[in-house]
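The values are calculated or read from the model by the stated rules, or taken from the named source; none is laboratory data. Values in this document were obtained by computation on a predicted structure and should not be read as measured data. Positions of Cβ are generated from backbone atoms using ideal geometry, with glycine treated the same way; all protein chains shown enter the neighbour counts. Each accessible area value is taken on the protein alone, full model and side chains, heavy atoms only, with ligands, DNA and RNA left out. Shrake-Rupley method; radii C 1.70, N 1.55, O 1.52, S 1.80 Å.
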4 protein chains.
Amino acid sequence: MAIKLQGIFTPTLVPLDERGQVNEPELRRFISWLIDHGVHGLYPNGSTGEFPRFTAEERRRIVAITCHEARGRVPVLAGAAEANVKETLAACEAYHAMGAQAVAIVSPFYFKLSPESVYAYFAEIARHTPIDVTLYNIPMFASPIDVPTIRRLAGEFPRVIGIKDSSGDLAFMMRMIAAIRPLRPDFSFLTGWEAVLAPMLMIGCDGGTNASSNAVPEVTRRIYELARAGNYQEAMKWQYRIIELFDAMLFPFEFPDGFRSAAELRGFRFGQGRQPLTSSQQSDRTALASVLQCILADFELIDRPASGCAPRTRQLEQDKIEQVVFEVMHELQKRGVF
Amino acid sequence: MAIKLQGIFTPTLVPLDERGQVNEPELRRFISWLIDHGVHGLYPNGSTGEFPRFTAEERRRIVAITCHEARGRVPVLAGAAEANVKETLAACEAYHAMGAQAVAIVSPFYFKLSPESVYAYFAEIARHTPIDVTLYNIPMFASPIDVPTIRRLAGEFPRVIGIKDSSGDLAFMMRMIAAIRPLRPDFSFLTGWEAVLAPMLMIGCDGGTNASSNAVPEVTRRIYELARAGNYQEAMKWQYRIIELFDAMLFPFEFPDGFRSAAELRGFRFGQGRQPLTSSQQSDRTALASVLQCILADFELIDRPASGCAPRTRQLEQDKIEQVVFEVMHELQKRGVF
Amino acid sequence: MAIKLQGIFTPTLVPLDERGQVNEPELRRFISWLIDHGVHGLYPNGSTGEFPRFTAEERRRIVAITCHEARGRVPVLAGAAEANVKETLAACEAYHAMGAQAVAIVSPFYFKLSPESVYAYFAEIARHTPIDVTLYNIPMFASPIDVPTIRRLAGEFPRVIGIKDSSGDLAFMMRMIAAIRPLRPDFSFLTGWEAVLAPMLMIGCDGGTNASSNAVPEVTRRIYELARAGNYQEAMKWQYRIIELFDAMLFPFEFPDGFRSAAELRGFRFGQGRQPLTSSQQSDRTALASVLQCILADFELIDRPASGCAPRTRQLEQDKIEQVVFEVMHELQKRGVF
Amino acid sequence: MAIKLQGIFTPTLVPLDERGQVNEPELRRFISWLIDHGVHGLYPNGSTGEFPRFTAEERRRIVAITCHEARGRVPVLAGAAEANVKETLAACEAYHAMGAQAVAIVSPFYFKLSPESVYAYFAEIARHTPIDVTLYNIPMFASPIDVPTIRRLAGEFPRVIGIKDSSGDLAFMMRMIAAIRPLRPDFSFLTGWEAVLAPMLMIGCDGGTNASSNAVPEVTRRIYELARAGNYQEAMKWQYRIIELFDAMLFPFEFPDGFRSAAELRGFRFGQGRQPLTSSQQSDRTALASVLQCILADFELIDRPASGCAPRTRQLEQDKIEQVVFEVMHELQKRGVF
């Protein structure tokens, strides 16, 4: 029997080489580092993994590398959404063969579908998949999956074994848990919104698939363990710290560039992303990376910039500017201007 | 020095008599019952109190009755939003004279204002008010108040002493607390969304202004006390129960009719609301009130219907129908049909 | 029998004196000017008239002044929405007695009501009103009125004689006209969104209630007359000009401050609005008023600024800056700097 | 030099065979029929063509078949959006080689990008494409393209030669035309929202890419020709008729199933769509197809159902039910029940 999905699954970022192709050695190095730093599982082809920006072939290769490098040390939850049901089922079969524990399938996107059609889509997949399926609800990007639909799918299909929800809406999560746990105690509830990770664990979530764990796997694991142990007071201290980092990675960048910048500070090269940047965006990012470095340094995970860190205000535009001023002053001092 | 606002403040429903006027004796009886059942404060002229459906004179009278009946047993937070700054300030003065502890002022509504204009509005009030002011953020109905604006107001005006937020967004609440508590430890953070009351208390809220406390003041107080004592496991058990009730009062009714129906089950007559109902809405409400009665009976606060209670599914339309079937069967049995 | 509402009705701005009170002499002078400049009717207490920022007494006085000053020269459509049905009916009676031709009643706002409740609200009013009623649909600010609801109200209540729609959605307007005109050929369809005035007239609207007619009554009338005469090519030339002005009055200001600024350029004093401004907003408005002056000068309705006009780009922030540069250069030239 | 895109381009539906694969003979027959019935161009891989539900290989094949079958009789505007800039450019090259006149590229979807990033994406494509590019703005499904971004792209890149806008917002279209036509008189403005086709042509659009032209190419062409000839009165008569059909194809179905149903009534077999249907959806569609048949019969393009047509109310749920009643009555009559 399948083991319930729980803990923190990293929706892995994908390093690219100088030609813009998947950088396999760096991806392997990154995966091993994540496992060594305590993530409970890996989730390739998530939104953080920018699945829509890769080709179908590249998505397969990313899962293959991930499963191979994981070597059973942690389970792999493979993102398997493709252009249509038939292609998605083919991916399910492939990932099953590669040794993934389960797949995650995002609700249909581009077209916004009704609940009845969302049900029809997942039901057709659930009838034929050879591997367990996690529903992936991300209403800001894809057709929403509502509580009656989840309940219907959970009630009819044993292969549907969990939901990953990235709405960050606690009341919605409680409604799902109240509706489904009585009939399916094995069903996993994972949150994709680490801004509220500790509260989500307190209300009964089994874990999370959190982009931040690409950059600070130690911290997301700590919050998980503290909350699981019922030590909510301590969990909340870390929660307040991670929300600062999360906001600094999320808002001033296009997703997931801020998470990439922070993970680079941990010693990896992710290369140029596939969404092009204007030159003004590129210079912005240098300043923003300094702010991220200061936040990560406060976690004692890396060193501060040589020039030091400006006090942070939690107003990101202002933090960015102050950090730049700080670095320019440092440079001038070094040159003996003062 | 002012005492920090904390605990559960009831945004009181307003009983109407058969002519559609404020029913003063019933309002007094209701207020005393709320105080006797443990609410920490009263909040007349909130959204639950349907302030936009009363005239300016009626709003004053409602606060006057509330302050008089409270007799200092609990603090009164009086909703003071009027047509413009001058009228609002006049209400602030009046409520100050009546003995309210503070006022709550909803962000400008109808017109959707920019953050700069929301700031200008509250700043003008804060400069001249003789009584402490709580900001009221309810983005589904009024111009949103964002974190930089709250921070600006909290930093500049000692008279601004708290915020009531009805968004139910935990990440937003954490961002507010992180931005403001360091500079204003006296600042109160109250949540108006009891679907997430226990999690909000866990992340550091000082209390709530919760419509549900009109119907189940014992339960909202219990959640508050358990959470304050750090007993989150137990608080969450009650939280899961109150979300079922909250959803059953909120979704199938026009707000705040479901809360009125539930409070009537506690022994009060609220009369016909000011928003007219069609006959199909009226018959719907009878069936829905039976569902509410069953939920309240599970809390052991009132008796179950004579005809008994159908099992609930948490799908409200279905619960409503099943309850009606249950009652019809009971009636037929009584008449000897079976 | 009532005459069908048609033509351009001005949702009149309200001049305030230095104490912030309704400036009656200036309001009278403004009303007469509008009539002299060709508006077909007057619409006090609209959104442009900022009805929510006045007290119930002030709203009555504004209609009384308007009816008195109009002296039957043009019909008055009086905004009559008050706190609840009873108060609204009292306003209907008062405005009927004052000689208004009809009232306009905005859909319930603050609370967002279901179509069934919107129906119940207007049905209750329609049953008791002594004066014809125009529904007012403004979904960005108030509960939307959908086509089945309008059809139901138009079919059941002869007193409901028209709709003013401010959504600017042409397809929605066509759906309304197709659903209602066959049963109620007398029903009036008015658009409140002059960005699309000529196209709305082409698809069959009877007229408009357009904020821009406060500033350029000659232009809105011309578009109306050209479109009514079937001269759409010519109407569209003016339409392209008015959208530039409309955007410049609408977007960079809080509504309706830009319309007030433009109307001031026609020779009226509207005073400080009731929504306070920060000092940075105030200095912004000076620059923006220069841009408005240049646009109005191109219509040959007023003179250009002494300093001249920068070429406009239709990007408002940029236009504002360029106009300021232009004026500063002029000042420096005058002082002999060049 | 390239010819300006104008007229009605059909975003072609894709027939599938019983195995769910592209049905090439039927697609060829359909394309030729469209050309014979007066469409000015073909637009494979649009939203109506469900490009996200096909694989990259299938999308190429669809364009290849379309170009081959068109044989230069009408221009082909090929949808070329792929997973990333590099893949999109490869598609541009392929479609150029196949003889397409231009490509249409939808703004990035799934992730919602800022205007600066939307610019960066199209700029990178525009720098390297060997074929003219039409921007495709469909804000309900993809990152919106705002006026300053379109202006920037149109000003910098001669290869960007037009925009297809599916917002249906006339004011937005006028703002685009006002901003861009003075600098780029060759730039094409196409509307994808035939609910407002005649008004869009009146304000200056060059044509449309309209899903309805799959079912009624004669009617969309007639509207185009009447509007181009300045005969707006007559164009509007047809516009009112097409909006009824459009609504009946759009709202009660998942897009583009209603358009497929209507096109099937013209004599084509489209097969089962790739999005699965529940059995309740399937039986719904039979009833809805009867309504579509009645509307098309009123255009005198096909025969009415043997059982006749219920009067239509333009309330689709009600029309569907009445049509079913009508058909059942007919069946009973045939069986001699009456």
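In the range B:64-102, how many are open to solvent by less than 50 Å² (accessible area, probe 1.4 Å) and either within 14 Å of chain C (Cβ to nearest Cβ) or farther than 27 Å from C:PRO276 by Cα (or both)?
The initial filter retains those residues of the range B:64-102 that are open to solvent by less than 50 Å² (accessible area, probe 1.4 Å), namely B:64-67, B:69-70, B:74-85, B:88-92, B:94-95, B:100, B:102.
Next, only the ones that are either within 14 Å of chain C (Cβ to nearest Cβ) or farther than 27 Å from C:PRO276 by Cα (or both) stay: B:64-67, B:69-70, B:74-76, B:79, B:81-85, B:88-91.
Within the range B:64-102, residues that are open to solvent by less than 50 Å² (accessible area, probe 1.4 Å) and either within 14 Å of chain C (Cβ to nearest Cβ) or farther than 27 Å from C:PRO276 by Cα (or both) number 19.
Collect the residues in the range D:282-295 that are touching a residue at least 12 places away in the same chain (Cβ under 8 Å) and open to solvent by 20 Å² or more (accessible area, probe 1.4 Å), keeping them in residue-number order. Don't jump to the end; show me each part of the working.
Going through the range D:282-295, the residues touching a residue at least 12 places away in the same chain (Cβ under 8 Å) turn out to be D:284-285, D:287-295.
Correct list: D:ASP284, D:ARG285, D:ALA289, D:GLN293.
Being touching a helix residue (DSSP H, G or I) at 6+ places or on another chain (Cβ under 8 Å) and in contact (Cβ under 8 Å) with a residue 24 or more places away in the chain holds for only one residue in C:GLY168, C:GLY162, C:GLY230, and it is C:GLY168. Listed here are the helices (runs of 4 or more DSSP H) enclosed by the range D:184-295 that have at least 1 residues being in contact with a strand residue (DSSP E or B) (Cβ under 9 Å, 6 or more places away or on another chain) and within 14 Å of chain C (Cβ to nearest Cβ): D:197-202, D:217-228. Take the conditions more than 19 Å from the chain's Cα centre (by Cα), closer than 25 Å to A:PHE141 by Cα, at pLDDT 95 or above and buried (at least 18 other Cβ atoms within 10 Å of the Cβ) and apply them to A:LEU201. Does it pass? It is false that A:LEU201 is more than 19 Å from the chain's Cα centre (by Cα), closer than 25 Å to A:PHE141 by Cα, at pLDDT 95 or above and buried (at least 18 other Cβ atoms within 10 Å of the Cβ). Applying the criterion of being surrounded by 24 or more Cβ atoms within 10 Å (Cβ to Cβ) and closer than 19 Å to C:TYR43 by Cα to the residues of the range C:164-179, the residue that is farthest from the other protein chains (Cβ to nearest Cβ) is C:LYS164.
Would you be able to tell me the number of residues in the range B:1-29 that are among the polar types (S, T, N, Q) and in contact with a Leu (Cβ under 7 Å, 6 or more places away or on another chain)? Qualifying residue count, the range B:1-29: 3. If you go through the range D:109-119 and keep only what is more than 7 Å from chain A (Cβ to nearest Cβ) and either touching a Lys or Arg at 6+ places or on another chain (Cβ under 8 Å) or crowded, with 22+ Cβ neighbours inside 10 Å (or both), you end up with just D:VAL118. Filtering the range A:140-159 to residues that are away from chain B (no Cβ under 14 Å), open to solvent by 10 Å² or more (accessible area, probe 1.4 Å) and free of Cβ contacts under 8 Å to residues at least 60 places away in the same chain leaves A:PRO144, A:GLU156, A:PHE157, A:PRO158, A:ARG159. Residues that are free of Cβ contacts under 8 Å to residues at least 24 places away in the same chain and closer than 21 Å to C:GLY41 by Cβ within the range C:69-109 comprise C:ARG71, C:ALA97, listed in sequence order.
Being in contact (Cβ under 8 Å) with a residue 60 or more places away in the chain and within 20 Å of C:ALA198 (Cα to Cα), is that true of even one residue in the range C:15-36? Step through it out loud before you land on a result.
Step one: list which residues in the range C:15-36 are in contact (Cβ under 8 Å) with a residue 60 or more places away in the chain, which gives C:15-18, C:20, C:23, C:26, C:29-30, C:33-34.
Next, only the ones that are within 20 Å of C:ALA198 (Cα to Cα) stay: none.
The answer is no; no qualifying residue exists.
Output the residue which, of all residues in the range D:25-63 that are within 14 Å of another protein chain (Cβ to nearest Cβ) and basic (Lys, Arg), is surrounded by the fewest Cβ atoms within 10 Å (Cβ to Cβ).
Restricting attention to the range D:25-63, the residues satisfying the condition of being within 14 Å of another protein chain (Cβ to nearest Cβ) are D:45-62.
Within this subset, residues satisfying the condition of being basic (Lys, Arg) are D:53, D:59-61.
On the way: D:ARG53: 19, D:ARG59: 26, D:ARG60: 20, D:ARG61: 17.
Looking at residues that are within 14 Å of another protein chain (Cβ to nearest Cβ) and basic (Lys, Arg), I get D:ARG61.
Take the residues of the range B:120-129 that are open to solvent by 10 Å² or more (accessible area, probe 1.4 Å) and within 9 Å of another protein chain (Cβ to nearest Cβ): which is nearest to B:ARG53 (Cα to Cα)? The extreme case among them is B:TYR121.
Filtered by the rule that a residue be open to solvent by less than 10 Å² (accessible area, probe 1.4 Å), touching a Gly at 6+ places or on another chain (Cβ under 8 Å) and of a type outside the set (Val, Ile, Thr), the range A:212-225 gives a lone residue, A:PRO217.
Within the range D:296-310, if we keep just the residues that are part of a loop (DSSP other than H, G, I, E, B) and open to solvent by 40 Å² or more (accessible area, probe 1.4 Å), the residue that is farthest from the other protein chains (Cβ to nearest Cβ) turns out to be D:ALA306. Which of the numbered conditions does D:SER261 fail, given that it passes all the others? Conditions: (1) buried (at least 17 other Cβ atoms within 10 Å of the Cβ); (2) within 22 Å of C:MET174 (Cβ to Cβ); (3) among the hydroxyl-bearing types (Ser, Thr, Tyr). Of (1) buried (at least 17 other Cβ atoms within 10 Å of the Cβ); (2) within 22 Å of C:MET174 (Cβ to Cβ); (3) among the hydroxyl-bearing types (Ser, Thr, Tyr), only one is false for D:SER261: (2). Looking only at residues of the range C:311-332 that are open to solvent by 70 Å² or more (accessible area, probe 1.4 Å) and in a helix (DSSP H, G or I), we find that the one that is nearest to C:ASP247 (Cα to Cα) is C:GLU317.
Can you pull out the residues in the range A:221-236 that are within 21 Å of the chain's Cα centre (by Cα) and not small (Gly, Ala, Ser)? Scanning the range A:221-236 gives A:ARG221, A:ARG222, A:ILE223, A:TYR224, A:GLU225, A:LEU226, A:ARG228, A:MET236. Looking across the range D:18-47, the residues that are of a type in the set (D, E, K, R) and out of contact with any helix residue (DSSP H, G or I) (no Cβ under 8 Å at 6 or more places or on another chain) come down to D:GLU18, D:ARG19, D:GLU26, D:ARG29, D:ASP36.
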